[in-house]
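Structure first, commentary second.
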Amino acid sequence: MFSKEEKNFYQRHFLLDDIQVSGQEKLKKSKVLIIGLGGLGSPVATYLGAAGVGSLTLVDGDVVEASNLHRQPIHNYQNIDKYKVYSAKEQLEKLNPFIEVEAINKHFDVNLAQTITSKFDLVIDCTDNFSARYLINDACVLFNKPLVSGAIYKFEGQVSVYNYKKGPCLRCLYPKPPSDSLVPNCAQAGVLGILPGIIGNLQAMEALKILLNLGVIQEKTLLYNALESSFKSFGLRKHKSCPVCSSKATITKLTAIHKECKMNTLKEFEISIDQLKEKLDGTNPPLVIDCREHSELEVSRLSFTKHVPLGEIQIGTEDLDKDQEIVVHCRSGVRSITAINLMAQVGFTNLKSLAGGIIAWTNKYGME
Amino acid sequence: MKIQIEYFAIYRDLLGISSEELEVSDGLSIKELFLQKTDALMDRDELLESTVFAVNSDYEDCDYILKEGDEIVFIPPVSGG
């Protein structure tokens with residue numbers, strides 16, 4: 001089954017008693033879905049591709065940005081602005097020409113989940129938001145696929161194997177998604193670049209073990225703390241009333257997860273770029289606050305904004321009139337929601353967050 | 001009795017420490033401990049609803065009654081990737 005060149009490539013796997021040629025053939029026949037080609041997806045795709053997983057499908061709707069590269073080394077500086085899935089596919093094909101890589105340049109949504117999940121032996125969650133994570137979990141339960149999930153925060157990370165042989169799933173542990181605004185993501189909190197490399201590689205290792213039926217598959221969560229150089233693990237248990245994987249399941253088909261989050265109620269706190277433009281052109285324009293970090297202003301800045309970084313939002317606005325109309329913007333419209341929450345706590349009454357942030361604004365109106 | 005608490009991910013930021021040893025009264029549940037420790041935080045109820053707790057090497061419900069020497073970890077959901 002293997003060409004001479006492939007035999008050369010996988011030589012060191014063949015030497016392992018637990019893999020040999022038969023194990024490598026299993027890998028070649030395996031189909032793995034990797035969702036998210038960022039910090040976690042970079043090592044996962046790189047190492048599973050190098051290991052010879054025969055078919056990798058990559059899903060991500062984002063493009064490569066310079067600020068990604070310190071932790072996403074599957075991409076490179078030349079590929080900035082290119083879709084991450086195409087950038088990763090290019091790199092994987094250079095690394096291992098003996099595997100198939102399919103690139104899907106959109107975010108994982110209900111439609112996509114419905115169409116493709118059943119085709120894979122294994123799914124790996126490398127996403128960066130709760131809506132995607134819960135959708136992936138539910139799809140894996142409903143289509144009966146093992147799921148290797150990793151997540152990171154600043155200096156800490158975790159890895160879990162869910163739904164392995166109908167074992168515990170994400171919702172056994174956390175039945176409902178929290179709002180994305182409750183827990184910051186990498187763009188808001190920052191992350192040490194090496195951390196996703198470690199967590200992603202742990203995911204890749206668990207994935208390979210599942211595909212090869214090797215060793216003990218962990219029905220536990222592994223927590224890693226880089227600052228303390230410590231690993232801890234906790235046994236996962238199936239929850240008898242899990243909303244998706246128990247006999248009392250209430251979720252029996254896939255639905256868009258954001259409906260369960262705070263997003264519905266958030267709509268009323270958001271303002272679109274067109275609505276803001278109209279207000280700015282009117283007789284009583286609102287005050288616009290830019291809550292991004294200092295370093296981001298060098299890249300882009302709107303002339304009519306007052307700058308107060310998110311970390312100083314309560315102190316930096318204390319002299320303002322609490323009842324005046326204020327619109328807060330950030331880069332993409334996530335941090336500004338946190339900002340208006342914090343401002344509401346100290347008494348501001350007329351707040352909106354600019355949907356889509358400065359990216360959406362400059363796309364349509366430029367830097368005026 | 002003495003217990004040990006470790007704070008994972010956002011709890012380290014929210015509470016400003018990564019771990020502590022604590023003297024608590026007998027019969028205290030995890031939920032009561034959580035409410036004591038997060039007294040000053042906003043979104044406390046939502047946080048409790050979305051947090052899981054590990055004691056020693058297993059996850060436990062928040063009505064678990066703490067015992068001498070228990071090591072508890074507050075584990076919030078983490079979504080970064």
Quick calc: nm separation of the 7 Å Cα→Cβ label points for residue A:8 and residue A:78 -> 2.4
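Taking R0 as 60 Å, what's the FRET efficiency between residue A:312 and residue A:100 from their Cβ-Cβ distance, rounded to 0.05?
On the way: r = 50 Å, r/R0 = 0.83.
With R0 = 60 Å, the Cβ-Cβ based efficiency is 0.75.
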Sequence ranges A:77-85, A:118-126, ranked by mean other-Cβ count within 10 angstrom, highest first:
A:118-126, A:77-85
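Would you please put A:231-237, A:326-332 in order of how densely packed they are, using the mean number of other Cβ atoms within 10 angstrom per residue and starting with the highest?
Values: A:231-237: 17.1, A:326-332: 24.4.
Ranked by mean Cβ neighbours within 10 Å, highest first: A:326-332, A:231-237.
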For residue A:227 and residue A:118, FRET efficiency with R0 = 45 Å and r from the beta-carbon atoms, rounded to 0.05?
0.65
Interface residues of the range B:51-81, defined as losing at least 40 Å² of accessible area versus the chain alone with a 1.4 Å probe, are B:52, B:59, B:77, B:78, B:79, B:80, B:81
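If eta is 1.002 mPa s and T is 20 °C, what Stokes-Einstein diffusion coefficient results for chain A, Kirkwood Rh from Cα pairs, in µm²/s?
Details: Rh = 22.3 Å.
It diffuses with D of about 96 µm²/s by this estimate.
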Pop a pseudo-label 7 angstrom from the Cα along the beta-carbon direction at both residue B:13 and residue A:67 and give the gap in nm to one decimal.
1.4
For A:244-256, A:63-75, ranked highest to lowest by mean beta-carbon neighbours within 10 Å, the order is A:63-75, A:244-256
Interface area, A with B, accessible, probe 1.4 Å, both sides summed, Å² nearest 100
3000
Residues residue B:26 and residue A:20, FRET efficiency given R0 of 45 Å [Cβ-Cβ distance, rounded to 0.05]:
0.20
For the range B:28-59 and the range A:337-368, compute the distance between their C-alpha centroids and round to whole Å.
31
Considering the options B:66, A:3, A:246, tell which one lies farthest towards the positive end of the dipole of the protein assembly as shown, charges being +1 on Lys and Arg and -1 on Asp and Glu at the Cβ, about the Cα centre.
A:3
Could you give the spread of the C-alpha atoms of the range B:2-75 along their three principal axes, from largest to smallest, in whole angstroms?
29, 22, 22
Per residue accessible area in Å² of chain A, where ligands, DNA and RNA are left out and the probe is 1.4 Å:
46
Hey, what's chain B come to in accessible area per residue, 1.4 Å probe, Å²?
45
Quick check: residue separation of residue A:165 and residue A:275 times 0.36 nm, minus the Cα distance between them. What number comes out in nm?
34.6 nm
Assign unit charges at the C-beta atoms only (+1 for Lys and Arg, -1 for Asp and Glu), then state the dipole size of the protein assembly as shown relative to its Cα centre in Debye, rounded to the nearest 20.
1900
Share of accessible surface on carbon and sulfur in chain A, whole %, 1.4 Å probe and ligands ignored, is 51
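The values are calculated or read from the model by the stated rules, or taken from the named source; none is laboratory data. Everything numeric in this text was worked out from a predicted model, so none of it was measured. Using ideal geometry, Cβ is built from the backbone for each residue, glycine included, and neighbour counts are taken over all protein chains shown. Accessible surface areas use protein heavy atoms only, side chains included; no ligands, DNA or RNA. Shrake-Rupley method; radii C 1.70, N 1.55, O 1.52, S 1.80 Å.
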